[in-house]
Amino acid sequence: MGRPPKGSRDLIKAINRNLVLNLIQSRGPLSRTDIARLSGLSLAAVSEITGELIAAGLIREVGTGESSGGRRPILLRLNPQAGFVVGVKLMKDAIASALTDLDAKVLHHRVTPLRSARLTQVLRAIVRAVEATIAESGVERSRVLGIGIGMAGVVDGESGICRYSPFFGWRNVQIAEPIAAHFGIPVYLENDVNTLTIAEQWFGYGRDVEHFVVVTVGRGIGAGIVVNGQFYRGALGGAGELGHITLIEDGPLCDCGKRGCLEALAADPAVLRAARAAIARGEPTRLAEADPLTLEAVVAAAEAGDELARKLLADSGRWLGMGIAILVNLLNPQLVIVGGEGVRAGEWRFGPMREALRAHAFDGLADELQVVLEPAGDETWARGAACVVLGELFKSPVHRRTQQDWVPIPA
């Protein structure tokens with residue numbers, strides 16, 4: 001049998017190189033012998049690949065390990081300073097951006113006000129925010145490997161297109177390519193909840209978990225899904241719109257224009273709407289004195305013994321638990337990570353959520369389910385967007401997203 005074509009040999013070499021790099025990133029520090037055992041590659045192949053990775057500055061030797069007889073093995077680990085990435089969280093009125101190293105450690109973070117919803121102005125604002133983030137971090141621009149952008153709505157990550165934005169009213173607009181054209185590096189667009197899910201998969205609670213979901217609660221409610229160890233986007237990038245399942249026909253009006261959505265019953269604005277309605281009815285509550293009326297004010301009132309505040313948070317939690325139970329019944333995950341700004345409501349919301357989840361989950365599916373809470377502020381969302389780039393860097397060449405031809409930001 002003849003040798004495989006050069007293209008095939010190069011692909012096999014790239015796959016093996018990626019396998020070694022991923023093992024070091026996820027399980028390091030490791031010796032070359034450890035890598036050979038875990039990867040199934042020969043020790044000679046591992047030595048060649050690790051030599052190339054050291055020469056490229058991607059990994060480094062970090063001392064010696066325990067010896068089982070003979071010379072102590074030299075340990076290898078990822079060099080987190082080999083490159084840097086920028087993550088951007090695009091919000092309705094602001095842009096949060098963060099620069100991280102290859103271990104997803106945030107080295108610099110900033111929030112930039114956003115004063116226009118026009119596409120061209122938003123793209124320019126993102127560019128300025130990224131440039132300021134890099135400059136303020138002190139990292140040379142040439143060492144930035146890529147940019148990740150997270151935003152709410154239906155996002156086609158493969159093409160870098162926002163199919164629908166509830167904040168800006170955009171439909172089918174290109175986001176990634178104009179920014180990639182400006183910086184000359186890969187730019188990846190993703191739904192914002194998906195960015196947190198990717199971050200959890202690579203660096204958080206979801207690491208080495210085959211089946212898990214991330215549910216975010218705050219201004220809205222969304223879900224990110226990992227099945228069989230693979231991140232799931234859906235056919236159009238719209239998987240995980242948990243907030244828009246209908247729980248009450250003809251229920252409260254949702255921002256999406258429909259009624260009775262989970263988001264209209266359980267998200268932070270729903271709690272505040274219910275509080276205002278109760279105040280208008282003259283119900284006794286210290287929330288009538290809150291100025292402004294915020295979720296923090298509701299939580300503070302609950303902690304001070306206000307019965308209405310406690311009821312509002314508990315109602316929100318029960319609806320949320322019912323929504324998550326639907327996910328559990330459909331997907332049977334091992335782990336549910338609940339994140340977002342709304343986590344600051346604490347047990348007043350999430351105690352009832354757990355009770356409702358277990359009450360509505362199908363028999364046995366919640367028995368061994370792990371549920372964890374993880375707050376997320378602007379920096380966390382931006383870090384999540386950066387992890388989209390890191391995920392692409394560590395992904396196998398077979399599955400890595402390709403970049404389209406770059407087009408400039410329109411005038």
Arrange the peptides 250-256, 297-303 so that the one whose residues have, on average, the most other Cβ atoms within 10 Å appears first. 297-303, 250-256
Magnitude of the Cβ-charge dipole of the chain, K/R +1 and D/E -1, about the Cα centre, nearest 20 debye? 1240
Nonlocal amide H pairs with G153, under 5 Å, H built at 1.01 Å: D192
Where the centre of each part is set by its Cα atoms, how far does region 173-189 sit from region 96-148, in angstrom? 13
Can you tell me the Rg and the Dmax, both Å, for the Cα atoms in region 65-191? 18.2, 67
Positive end of the dipole of region 250-315, charges at C-beta (+1 Lys, Arg; -1 Asp, Glu), about the Cα centre: which of V298, A309, L262 has its Cα farthest in that direction? L262
Looking at the chain, send over the antiparallel percent of its DSSP beta bridges, to the nearest 5. 60
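Stokes-Einstein at 10 °C, 1.306 mPa s, Kirkwood radius from Cα pairs: D for region 267-326 in µm² s⁻¹? Please report the intermediate quantities before stating the final value.
Working: Rh = 11.6 Å.
Diffusion coefficient, whole number: 137 µm²/s.
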What per residue convex hull volume, in Å³, comes out for region 325-364 when only alpha-carbon positions are used? 71
Can you give the charge dipole size of region 83-139 about its Cα centre, rounded to the nearest 20 debye, using +1 on the beta carbon of Lys and Arg and -1 on the beta carbon of Asp and Glu? 340
Kindly rank 344-351, 283-290, 216-223 from highest to lowest mean number of other beta carbons found within 10 Å of each residue. 216-223, 344-351, 283-290
Note, region 341-349: 3J(HN,Hα) by Karplus (6.51, -1.76, 1.60, θ = phi - 60°), whole Hz, Gly/Pro = x, goes 5, x, 5, 5, 6, x, 5, 4, 9
Enumerate the amide H contacts of M91 below 5 Å, restricted to partners 5 or more residues apart or on another chain; note that Pro and chain-start residues carry no placed amide H. A96
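Send over the per residue convex hull volume for region 53-124, Cα only, as a whole number of Å³.
On the way: hull volume 8.2 nm³, N = 72.
Enclosed volume per residue, from the Cα hull, is 114 Å³.
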Taking placed amide H atoms and a strict 5 Å upper bound, the residues 5 or more places from T64 or on another chain that come that close are L75
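Per residue and in cubic angstrom, what volume does the convex hull of the Cα atoms of region 226-283 have?
Considering the Cα atoms of region 226-283, their hull volume per residue is 114 Å³.
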For region 128-237, how big is the tail of P(r) above 23 Å, as a whole percent of Cα pairs? 37
Treating only the Cα positions of region 133-194 as identical point scatterers, give the base-10 log of I(q)/I(0) from the Debye formula at each q in 0.11, 0.15, 0.17, 0.21 Å⁻¹. -0.28, -0.49, -0.60, -0.81
Please list 3J(HN,Hα) in residue order for region 48-53, calculated via the Karplus relation 6.51 cos²θ - 1.76 cosθ + 1.60 where θ = phi - 60°; whole Hz, with x for glycine and proline. 5, 5, 5, x, 5, 5
Ignoring solvent entirely, what values of log10 I(q)/I(0) come out of the Debye formula for the chain at 0.06, 0.10, 0.11 Å⁻¹ when each Cα is a single scatterer? -0.28, -0.75, -0.88
GNM of the chain, Cα pairs under 10 angstrom: of I179, I245, I12, the biggest fluctuation goes to I12
Enumerate the calculated ³J(HN,Hα) couplings along region 241-254 in order (Karplus 6.51 cos²θ - 1.76 cosθ + 1.60, θ = phi - 60°), each rounded to whole Hz, writing x wherever the residue is Gly or Pro. 7, 4, x, 10, 7, 8, 10, 10, 5, 6, x, x, 5, 9
Hydrodynamic calc, region 282-360: Kirkwood Rh from Cα pairs, then Stokes-Einstein at 4 °C with viscosity 1.567 mPa s, so D in µm² s⁻¹ is 97
Binning every alpha carbon pair distance of region 191-340 at 5 Å from zero, what are the percents per bin? 2, 10, 18, 18, 17, 14, 10, 7, 4, 1, 0
Is there a quick way to get the dipole size of region 1-121? I mean about its Cα centre, with the Cβ of Lys and Arg at +1 and of Asp and Glu at -1; what is the value in debye to the nearest 20? 300
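Every read-out reported here was derived from the displayed coordinates using simple, explicitly stated rules and does not represent laboratory data. Quantities reported herein were computed from a predicted structural model and do not represent experimental measurements. Using ideal geometry, Cβ is built from the backbone for each residue, glycine included, and neighbour counts are taken over all protein chains shown.
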